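**Student:** Sharing a structure below in structure tokens format, with a few things to ask.
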Amino acid sequence: MNPIPSFQTLNRLGNFGRSLYAPAYLYQPTSVEEIEQIFKTARERGLTIGLRGAGKSYNDAALNGGGIVLDLRRMNRILEWNPETGLIRLEPGVTIQQLWQHTLPDGWWPPVVSGTMTTTLGGCLAMNIHGKNNFRMGTLGEHVLEFTLLLPTGLEIICGPKKNRDLFYAAVGGLGMLGVFTTITLQMKKIHSGFLRVRAWHVPDLNAHLAALEAGAPAHDYIVGWLDATAGGPGLGRGQIHAADYLPEGQDTHPERSLRVDYQTLPSKFFGLVPKSLLHYFMAPFMNNLGAWAVNSAKYLLSLPARSYSQTHAAFHFLLDYVPDWELAYGRQGLIQYQSFLPKETARDAWAEMLTLSRRRDLPSYLGVTKRHRPDGFLLSHAVDGFSLALDFKVTESKRARLATMLEDFDRIALEAGGRFYFAKNSETSPETARRFLSAEAVAKFKALKKRCDPHHLLQSDLYRRLFGEQE
Amino acid sequence: MPKNALAMPPRSTPLRPRRKALLIGASSGIGAALARRLAQEGYDLALLARRKDLLQRLCEEINTACGEVRAVYYVHDVRDRAAVPALLQRILADLGSLDLVIYNAGVNLPAGPEAYDFEKDLLMTEINYVGALAWLDHAAAIFQQLKSGQIVGISSVAGDRGRAGNPAYTASKAALTCYLEALRNRLSRYGVHVLTVRPGFVATDMLKQAQRPFMVISPEQAAADICKAIRRRRQSIYTPARWGWIMLVIRLIPSFIFRRLRFLA
């Protein structure tokens with residue numbers, strides 16, 4: 001590995017939505033020693049370092065334009081696995097896919113997963129991801145027993161909920177700005193079948209939608225809503241709820257079969273005919289206001305009869321992997337996602353206002369997803385006792401400026417409703433907005449910790465610069 | 001040089017993309033006019049030149065006019081070639097990306113119609129041509145790697161023929177023109193655009209060296225022409241455009257006649 005960053009090692013790195021690119025000197029270390037070497041090089045060269053996993057953030061979280069980017073995907077060894085206790089120790093580059101495929105045959109599933117299984121555990125922990133079970137299981141960080149954090153000073157610190165507490169609660173969700181997770185110990189969840197029992201039913205409007213999430217959550221292991229953001233009037237906020245439950249022990253008579261990895265694998269062809277890698281070409285023509293309205297309306301009509309069925313874990317959770325390269329359907333400028341987390345008391349009115357606004361401005365979201373959440377104790381937290389709504393927007397040259405203005409309005413509406421935001425999603429959040437929802441004390445506390453862990457401000461990302469500035 | 005990183009222009013977001021340009025030779029003349037024009041068109045600028053006071057004033061003027069940080073400056077002498085890679089690395093880190101690199105540094109130091117002065121000729125070659133190699137070789141490497149970007153070289157109509165009045169100046173500009181063409185031939189397959197600009201007489205400090213200037217344009221007009229060519233991704237322009245016709249005729253004059261035309265050669 002060439003330790004000197006030369007212009008020939010520059011890479012044009014992108015985000016998940018293919019809506020933003022930035023050049024960086026790319027390094028793919030395989031050991032802690034190599035990371036330390038890169039820290040040294042960066043200090044000597046006056047360059048900053050951004051950390052990157054699979055690069056599945058929708059914004060600038062894994063970009064560090066003009067600086068070094070450490071892609072940690074090659075540090076992907078599973079170091080210890082105990083099928084008795086469900087404890088696993090792994091390196092930060094291990095993906096969710098690697099993780100579940102390693103533990104599922106023994107009857108264990110990750111406690112929290114993202115919508116794509118290509119994400120790395122290091123990246124997931126730096127963002128403190130949540131899943132469709134956030135209301136019950138919390139964020140990924142709540143299932144971490146311990147991690148080793150390599151600071152830019154060269155110090156390696158072991159943190160846990162009881163050990164180096166302040167660093168633990170700041171580094172989880174800390175955007176990779178305090179240090180590099182070099183090992184992570186995670187508690188997996190015991191399951192007794194490769195299947196989930198899924199119930200799906202439609203909700204005719206926003207009131208019913210949120211009521212279903214709130215009432216449904218305590219009764220289920222997972223719950224998620226699809227929201228038709230193209231519908232207005234009495235149908236505003238209509239959609240479909242999917243709730244899923246683990247099978248109790250004994251209900252699956254052949255768990256050894258359903259827990260096999262090949263049993264879970266997503267089919268590679270659609271209708272057994274069309275290779276799924278081609279699907280995004282068929283989706284592209286519908287990625288306009290009219291097409292999105294047609295698709296969303298059709299989906300809603302199909303959702304009218306309630307259904308109940310069994311589905312494998314992989315098929316239920318990893319919807320984003322179902323169509324490979326689905327982001328390409330959004331065209332050359334890609335897509336952005338706007339997600340707001342609102343308290344359950346204010347969510348209805350605030351989202352009604354947002355959805356109406358987006359319809360009135362002729363900038364509807366082509367996909368809306370809702371979830372139920374609970375608060376957590378992490379320093380930079382997006383969590384609330386309430387709901388989240390994630391809206392996908394296609395970026396086009398002509399809509400860019402109007403979309404930016406609308407998201408400013410969304411931020412204002414969400415802030416007034418006591419809302420919060422998630423750092424792997426929103427791409428336009430201003431420093432003022434971040435300070436307001438995180439509280440000035442939390443930001444000051446994080447910056448003080450950063451100064452302690454990273455006195456030379458070696459760790460930077462375009463996201464961190466945007467929200468918190470480069471220097472004190 | 002800017003020490004406080006907070007004073008850097010903001011970086012792109014998906015909905016607020018920003019274009020970043022590096023301009024070498026920005027303190028006066030066409031360079032300063034280009035800087036103002038590019039800032040108006042929305043570019044964030046890294047401005048390079050030797051004269052700090054001029055750069056500082058220009059940056060302040062641009063940033064005040066735009067109401068935000070749009071331009072930052074770096075004091076640099078293009079003869080200090082060893083400093084180029086580290087400085088370019090720093091500019092890239094400060095701006096966060098790079099879309100456009102313009103090499104505008106140039107001097108004209110005629111020795112006199114009958115005189116020869118190697119020191120002056122060397123200086124002209126170093127500033128007009130070797131400095132361009134030092135910067136644009138690296139810019140080309142970056143853009144080739146990133147498969148995007150625009151390179152602009154400010155050459156001169158003087159580079160189209162070897163002229164008795166100032167052999168080294170015309171040779172340095174001819175070399176620059178040829179180098180830019182070669183870069184274009186190399187980089188177009190990577191989606192990188194290279195523009196050669198050949199200004200005629202422009203009302204800058206350099207005009208004082210011209211013997212019989214005519215069709216003189218303002219630096220602002222030259223800058224407007226150049227920006228238009230950048231937008232349209234033209235490969236080569238004369239500014240003002242009518243120089244294209246004049247130089248077509250001049251290039252076609254056979255050498256044995258050209259050398260006898262004292263008013264031209």
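**Student:** With more than 17 Å from A:Ser308 (Cα to Cα), touching a residue at least 12 places away in the same chain (Cβ under 8 Å) and small (Gly, Ala, Ser) as the only criterion, which of A:Gly225, A:Gly216, A:Gly194, A:Gly232 stands out?
**Tutor:** Being more than 17 Å from A:Ser308 (Cα to Cα), touching a residue at least 12 places away in the same chain (Cβ under 8 Å) and small (Gly, Ala, Ser) holds for just one of A:Gly225, A:Gly216, A:Gly194, A:Gly232, which is A:Gly232.
**Student:** Can you tell me which condition B:Tyr190 does not meet? The list is (1) of a type in the set (Phe, Trp, Tyr); (2) surrounded by fewer than 20 Cβ atoms within 10 Å (Cβ to Cβ); (3) closer than 19 Å to B:Gly29 by Cβ; (4) at pLDDT 95 or above, and all the others hold.
**Tutor:** Just one mismatch for B:Tyr190, condition (3).
**Student:** So, one more: Just give me the residues in region A:415-433 being within 22 Å of the chain's Cα centre (by Cα) and surrounded by fewer than 19 Cβ atoms within 10 Å (Cβ to Cβ), in sequence order. Full working, then the answer.
**Tutor:** First, the residues of region A:415-433 that are within 22 Å of the chain's Cα centre (by Cα): A:415, A:418-431, A:433.
Passing the criteria: A:Leu415, A:Gly418, A:Ser430, A:Pro431.
**Student:** Go through region A:385-408 and give me each residue that's more than 10 Å from every other protein chain (Cβ to nearest Cβ), among the charged types (D, E, K, R) and closer than 17 Å to A:Arg332 by Cβ.
**Tutor:** A:Asp392, A:Lys394
**Student:** Residue by residue through region A:115-135, note down the ones that are within 15 Å of A:Met188 (Cα to Cα) and either free of Cβ contacts under 8 Å to residues at least 12 places away in the same chain or small (Gly, Ala, Ser) (or both).
**Tutor:** Hit for region A:115-135 is A:Gly131, nothing else.
Table: residues versus (1) assigned to a loop (DSSP other than H, G, I, E, B); (2) surrounded by fewer than 23 Cβ atoms within 10 Å (Cβ to Cβ).
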residue: A:Glu146; (1), (2): no, yes
residue: A:Pro161; (1), (2): yes, yes
residue: A:Leu167; (1), (2): no, no
residue: A:Ala170; (1), (2): no, no
residue: A:Gly176; (1), (2): yes, no
residue: A:Thr183; (1), (2): no, yes
residue: A:Ser193; (1), (2): yes, no
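**Student:** Quick one: A:Tyr263 ticks every box in (1) out of contact with any strand residue (DSSP E or B) (no Cβ under 8 Å at 6 or more places or on another chain); (2) in contact (Cβ under 8 Å) with a residue 12 or more places away in the chain except a single one, so which number is it?
**Tutor:** With (1) out of contact with any strand residue (DSSP E or B) (no Cβ under 8 Å at 6 or more places or on another chain); (2) in contact (Cβ under 8 Å) with a residue 12 or more places away in the chain applied to A:Tyr263, the lone miss is (1).
**Student:** Just give me the residues in region A:220-261 being under 22 Å from A:Gln337 (Cα atoms) and of a type in the set (Gly, Ala, Ser), in sequence order.
**Tutor:** A:Gly225, A:Ala229, A:Ala231, A:Gly232, A:Gly237, A:Gly239
**Student:** Among the residues of region A:117-136, is any more than 29 Å from A:Tyr25 (Cβ to Cβ), part of a loop (DSSP other than H, G, I, E, B) and of a type in the set (Lys, Arg)? Talk me through it step by step, then tell me what you get.
**Tutor:** Going residue by residue through region A:117-136, those that are more than 29 Å from A:Tyr25 (Cβ to Cβ) are A:130-136.
Imposing the further condition that a residue be part of a loop (DSSP other than H, G, I, E, B) reduces the set to A:130-133.
Next, only the ones that are of a type in the set (Lys, Arg) stay: A:132.
Checked against the condition, which is being more than 29 Å from A:Tyr25 (Cβ to Cβ), part of a loop (DSSP other than H, G, I, E, B) and of a type in the set (Lys, Arg), region A:117-136 yields at least one hit.
**Student:** Now, a different point. Return the only residue of B:Ala26, B:Ala32 being assigned to a loop (DSSP other than H, G, I, E, B), of a type in the set (Gly, Ala, Ser) and touching a residue at least 40 places away in the same chain (Cβ under 8 Å).
**Tutor:** Values: B:Ala32 fails: assigned to a loop (DSSP other than H, G, I, E, B).
Going through B:Ala26, B:Ala32 in turn, the sole match is B:Ala26.
The rows are residues; the columns are (1) over 30 Å from A:Val261 (Cβ atoms); (2) in contact with a Lys or Arg (Cβ under 7 Å, 6 or more places away or on another chain); (3) in a strand (DSSP E or B).
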position	(1), (2), (3)
A:Leu47	yes, no, no
A:Leu51	no, no, yes
A:Tyr58	no, yes, no
A:Val69	yes, yes, yes
A:Trp81	no, no, yes
A:Thr85	no, no, no
A:Gly93	no, yes, no
A:Gln98	no, no, no
A:Gln101	no, no, no
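**Student:** Would you mention how many residues in region A:11-40 are surrounded by fewer than 22 Cβ atoms within 10 Å (Cβ to Cβ) and either farther than 19 Å from A:Thr148 by Cα or polar (S, T, N, Q) (or both)?
**Tutor:** Total satisfying the criteria: 12.
**Student:** Please state which one of A:Ser358, A:Ser340, A:Ser310 is under 25 Å from A:Glu214 (Cβ atoms), polar (S, T, N, Q) and assigned to a strand (DSSP E or B).
**Tutor:** Criteria check complete, one pass: A:Ser340.
**Student:** Which ranges mark the helices (runs of 4 or more DSSP H) fully within region A:375-460 that have 1 or more residues being in contact with a strand residue (DSSP E or B) (Cβ under 7 Å, 6 or more places away or on another chain)? Outline the logic, then answer.
**Tutor:** Details: elements: A:400-416, A:431-438, A:440-453.
Where helices (runs of 4 or more DSSP H) fall fully within region A:375-460 and carry at least 1 residues being in contact with a strand residue (DSSP E or B) (Cβ under 7 Å, 6 or more places away or on another chain), they are A:400-416, A:431-438.
**Student:** Of the conditions (1) part of a strand (DSSP E or B); (2) within 11 Å of another protein chain (Cβ to nearest Cβ), A:Asn64 satisfies every one except a single condition; which number is it?
**Tutor:** It fails just one condition, (1).
**Student:** Search region A:42-55 for residues that are within 14 Å of chain B (Cβ to nearest Cβ) and pair each with any residue that is assigned to a strand (DSSP E or B) and β-branched (Val, Ile, Thr) when their beta-carbon atoms are under 8 Å apart and the residues are at least 6 apart or on different chains.
**Tutor:** Cβ pairs passing all conditions: A:Ala42/A:Ile49; A:Ala42/A:Ile68; A:Leu47/A:Ile68; A:Thr48/A:Ile68; A:Ile49/A:Ile68; A:Ile49/A:Val69; A:Gly50/A:Ile68; A:Gly50/A:Val69.
**Student:** Of the residues that make up region B:104-126, is at least one within 14 Å of chain A (Cβ to nearest Cβ), assigned to a helix (DSSP H, G or I), crowded, with 17+ Cβ neighbours inside 10 Å and of a type outside the set (A, V, I, L, M)?
**Tutor:** Looking through region B:104-126, none of the residues is within 14 Å of chain A (Cβ to nearest Cβ), assigned to a helix (DSSP H, G or I), crowded, with 17+ Cβ neighbours inside 10 Å and of a type outside the set (A, V, I, L, M).
**Student:** For a quick check of your reading: which helices (runs of 4 or more DSSP H) sit entirely within region B:167-261 and have at least 3 residues that are over 21 Å from B:Leu133 (Cβ atoms)?
**Tutor:** The helices (runs of 4 or more DSSP H) meeting that bar are B:219-231, B:243-252, B:255-258.
**Student:** Just one of A:Arg465, A:Arg420, A:Arg374, A:Arg452 is of a type in the set (Lys, Arg) and either within 14 Å of chain B (Cβ to nearest Cβ) or farther than 26 Å from A:Ala170 by Cβ (or both); which is it?
**Tutor:** None of the other options fit; the residue is A:Arg465.
The values are calculated or read from the model by the stated rules, or taken from the named source; none is laboratory data. Values in this document were obtained by computation on a predicted structure and should not be read as measured data. We place every Cβ from the backbone using ideal geometry, glycine too, and count neighbours over all the protein chains shown.
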